[in-house]
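For reference, the structure is listed below as C-alpha cells.
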Ligand SMILES: [Fe+2]
C-alpha cells in the first residue's frame, strides 16, 4: 500500500480567500447558501489583508464619508487588525436597528436578497480578497460588505430604506402573480428587477449626499466607501458627473461595474432617500417600471426565477 499525499491544500491552509476557499466551494456544491462563518479558517494572510485595507481607509473615511457612516463605524468597534466576527458585529448592530449580517456562500438571487433586507438580514460575504489585488475585484468580499455596507445599517433611517427595498420586491412579485400572460409577466418582472438594481446601485452602492457645508458632498454608498481609489475620485475628480437624484433618470440609467463610475446621483438626506424608495414602491404598484430602458444590468435566469416563484 502506498501512502497518498494530497496535492489539494487543506481548508485551514487555504483560508477564506475570494475564489480560492475550499469551504465555500463545498458549501456551494452542497447547495448551502446560508452558512456559518468558520472563523478559525481565516489564515494569517487573510487577517493581514483586512489590516492593510482597514489602515489605508482611515484618513479617506474621515475626509470623504458621510458622518452617519463614521458614527456607525465607531459603534461597531471593528478590529482594525483582524477580520470581524459577524456575531460581534451583530451584537452592536442588532440593538440599534434590528439588522443582522447573515453569512452566505455566494450570490443571492435578487428576490431572496431583497426579502432578506425586508427581514432586516444582510446577506454577507465572508471571504476576503487576495492580498495581490487590494484595489479591484468584481465580486464583493467581507471588507466591502462589513466595512463598506454595515456601518450604515446602524442608522435607523437607512435601515428603513433597506427594508423598503424588500417591500418593493414583494410588491413586484405580487403584481407579477396577477399577470396571466407568460410573456408579459417575464418582460415586466425583468424590467422591474432592472429598475430596482439601478436604484440600489446609484444609492446603496454608489450614492452621494449633500454635506453640512454649502457645496460639500459626502459618500454613503458602500462601493465608494470600500474603495481606496474611488472614494476620493467620486468627490474630487472633474471626470465624474454629479446630478441631483431623479427617480425617472435613475431607473432608466444603465451602469457598468468594471471601472470608476462616471455618473453619480446626490440625495439631500437620508429622509430624502427614504422618500425616494417609497416612490419606487408606488411606481412598482402603478406599473410605471414595467418598460424601463434596456441595457445593463443583465437580469439572470436565477434572478428572474426568484421573483416568479414567490408564493403568497
Ligand atoms: Fe455591495
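The values are calculated or read from the model by the stated rules, or taken from the named source; none is laboratory data. Just so it is clear, the model here is predicted, and its values are computed rather than measured. Neighbour counts are summed over all protein chains in view; Cβ atoms, including those assigned to glycine, are modelled from backbone coordinates with ideal geometry.
For segment 73-89, state whether one or more residues are more than 22 Å from residue 225 (Cβ to Cβ), out of contact with any helix residue (DSSP H, G or I) (no Cβ under 8 Å at 6 or more places or on another chain), modelled with pLDDT of 95 or more and not in a helix (DSSP H, G or I). No, segment 73-89 contains no residue that is more than 22 Å from residue 225 (Cβ to Cβ), out of contact with any helix residue (DSSP H, G or I) (no Cβ under 8 Å at 6 or more places or on another chain), modelled with pLDDT of 95 or more and not in a helix (DSSP H, G or I).
Scanning segment 123-136 for residues that are away from the ligand (no atom under 12 Å from the Cβ) and either under 24 Å from residue 219 (Cα atoms) or buried (at least 19 other Cβ atoms within 10 Å of the Cβ) (or both) gives 126, 127, 128, 129, 133, 134, 135, 136. The set of residues from segment 279-303 being in contact with a helix residue (DSSP H, G or I) (Cβ under 6 Å, 6 or more places away or on another chain) and part of a helix (DSSP H, G or I) comprises 279, 280, 281, 284, 285, 303. Out of the residues in segment 95-107 that are modelled with pLDDT of 95 or more and not in a helix (DSSP H, G or I), which is surrounded by the fewest Cβ atoms within 10 Å (Cβ to Cβ)? Across segment 95-107, the extreme among qualifying residues is 98.
Going residue by residue through segment 112-122, is there one that turns out to be modelled with pLDDT of 95 or more, within 15 Å of the ligand (Cβ to nearest atom), crowded, with 23+ Cβ neighbours inside 10 Å and assigned to a strand (DSSP E or B)? Yes, the conditions are met somewhere in segment 112-122. Please go through segment 39-59 and pick out each residue that is in contact with a helix residue (DSSP H, G or I) (Cβ under 7 Å, 6 or more places away or on another chain) and either surrounded by 19 or more Cβ atoms within 10 Å (Cβ to Cβ) or without any contact (Cβ under 8 Å) to a residue 24 or more places away in the chain (or both). Within segment 39-59, 41, 49, 50, 53, 54, 57 qualify.
Could you name every one of the helices (runs of 4 or more DSSP H) located completely within segment 140-227 that has at least 2 residues being away from the ligand (no atom under 16 Å from the Cβ) and at pLDDT 95 or above?
Qualifying helices (runs of 4 or more DSSP H): 156-177, 182-200.
For the subset of segment 74-94 comprising residues that are under 21 Å from residue 42 (Cβ atoms) and touching a strand residue (DSSP E or B) at 6+ places or on another chain (Cβ under 8 Å), which member is surrounded by the fewest Cβ atoms within 10 Å (Cβ to Cβ)? Checked segment 74-94; the qualifying residue surrounded by the fewest Cβ atoms within 10 Å (Cβ to Cβ) is 90.
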